[in-house]
Amino acid sequence: MENKNGTEFNFEKVIDEFSNMVYRVAYNYLSNKSESEDVMQEVFLSLLKKGTDNMDYEHLKAWLIRVTINKCKNINKSSWNSKTVPLEEAENILTQEELSLREELFALERTDRSIVYLYYYEQLTIKEISKILHMKSSAVGTRLSRARKKLKFIIEQEEI
């Protein structure tokens, strides 16, 4: 595959480089290992069908995140998902830091959790997040600030 700059994209390298990110975004959104793996597979199948003709590295990353979030939203909307209860799963993919903050992060609203994840773990700017989530930059900044304050409050309450 070639991108718009005429450079070759090796699909296996794309998967190697971005599969962990896609999985983490999906897991952050769904909180379910098997559904996150399904989403990851669907995202890369979509990329294979679409191709990377008009994408540079940053556009590819943003496209993968946007498609991942959309597929997660579709799963959450499905009637099957609303009638099932996720099994408790042992997660080996999270770092110790992520494990320690997992409960606190899941106390946030889904959109706020996604913003925090994209900002701190994927190191995207507020402008990039606003494009991916189709929100105004000011709204992303406000939600990020509120999420930080809420996380701080939750952590301080646990320490008491």
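From most to least packed by mean Cβ count within 10 Å, the peptides 37-45, 119-127 give 37-45, 119-127. In the context of the full protein assembly, residue 142 retains an accessible surface of approximately 60 Å², using a probe radius of 1.4 Å and ignoring ligands and nucleic acids. In order along the range 25-35, the phi-based Karplus estimate (6.51 cos²θ - 1.76 cosθ + 1.60, θ = phi - 60°) of 3J(HN,Hα) comes to 5, 5, 5, 4, 7, 9, 6, 9, 4, 5, 5 Hz; Gly and Pro are listed as x.
Under Stokes-Einstein, with the Kirkwood radius over Cα pairs as Rh, the value for the range 6-77 at 10 °C and 1.306 mPa s is 130 µm²/s. Residues whose amide H falls under 5 Å from that of residue 55, counting only those 5 or more places apart or on a different chain, are 4, with hydrogens built in the peptide plane.
The values are calculated or read from the model by the stated rules, or taken from the named source; none is laboratory data. Model, not experiment: these values are computed from the prediction. When we count neighbours, we look across all protein chains shown, and the Cβ atoms used for this are built from the backbone with ideal geometry, even at glycine. Ligands, DNA and RNA are stripped out before the accessible areas are found, and what is left, the full protein with its side chains, is counted by its heavy atoms. Shrake-Rupley method; radii C 1.70, N 1.55, O 1.52, S 1.80 Å.
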